[in-house]
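Engineer: Got a structure for you, written out below as structure tokens; questions coming shortly.
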Amino acid sequence: MPSAGDFYNQMQASNARLDAIRAELTNGFSNLATLHGYTNDALLHNAKQNDTIICLLTQIAENTCCVCNEAHIQTGLQTSIKADISSLAALYALGNAQAALAWQRELALKKQIEECCPPDGESEPACTPKPCPAPRPLPDPPHVGPGVILRQAGAD
């Protein structure tokens with residue numbers, strides 16, 4: 001039959017094991033809290049990136065719509081101008097044959113000059129991109145203890 005001293009020693013050993021388990025659990029919960037905070041930060045970062053993407057896509061959609069509308073208007077105008085210019089050129093050539101020949105020579109000279117010395121500069125672009133807010137890069141995940149490593153998606 002075990003003595004009171006044996007019983008006391010067994011209780012001390014059990015208490016020591018319980019203290020070790022408590023310390024391990026405390027450390028584990030602390031690691032979980034750290035990782036939980038990081039995942040919350042990662043989700044917030046992802047939400048901010050999504051806001052930036054949505055902003056850029058909205059700008060692209062608005063610009064595309066404006067370009068489409070302008071192209072539609074310009075196509076109609078150019079078709080009308082082309083028909084009018086063709087009519088005017090034909091009437092002018094019939095009434096002023098000598099002037100029409102001079103015009104043709106002037107166009108040929110202008111073409112030669114532009115090949116040699118192109119005209120200066122181009123006009124400013126009609127559209128310039130507006131920057132969207134972008135979040136700062138997400139820091140590396142925390143290392144919370146031996147054997148516990150949080151891997152980022154795609155980092156294998």
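The values are calculated or read from the model by the stated rules, or taken from the named source; none is laboratory data. On a predicted model such as this, the values are computed, not experimentally measured, just so you know. As a convention, Cβ positions derive from the backbone with ideal geometry for all residues, glycine included, and neighbour counts pool all protein chains shown.
Engineer: Look through region 105-156, keep the residues that are out of contact with any Ser or Thr (no Cβ under 7 Å at 6 or more places or on another chain), closer than 26 Å to His36 by Cα and of a type in the set (A, V, I, L, M), and return whichever of them is modelled with the highest pLDDT.
Structural biologist: Selected residue: Leu138.
Engineer: Let me ask something else about it. Out of the residues in region 13-66 that are touching a residue at least 60 places away in the same chain (Cβ under 8 Å) and of a type in the set (Asp, Glu), which is nearest to Thr128 (Cα to Cα)?
Structural biologist: Filtering first and then ranking leaves Asp51.
Engineer: Could you say which residue among Ala33, Ala13, Ala23 is small (Gly, Ala, Ser) and over 30 Å from Pro141 (Cα atoms)?
Structural biologist: Ala13
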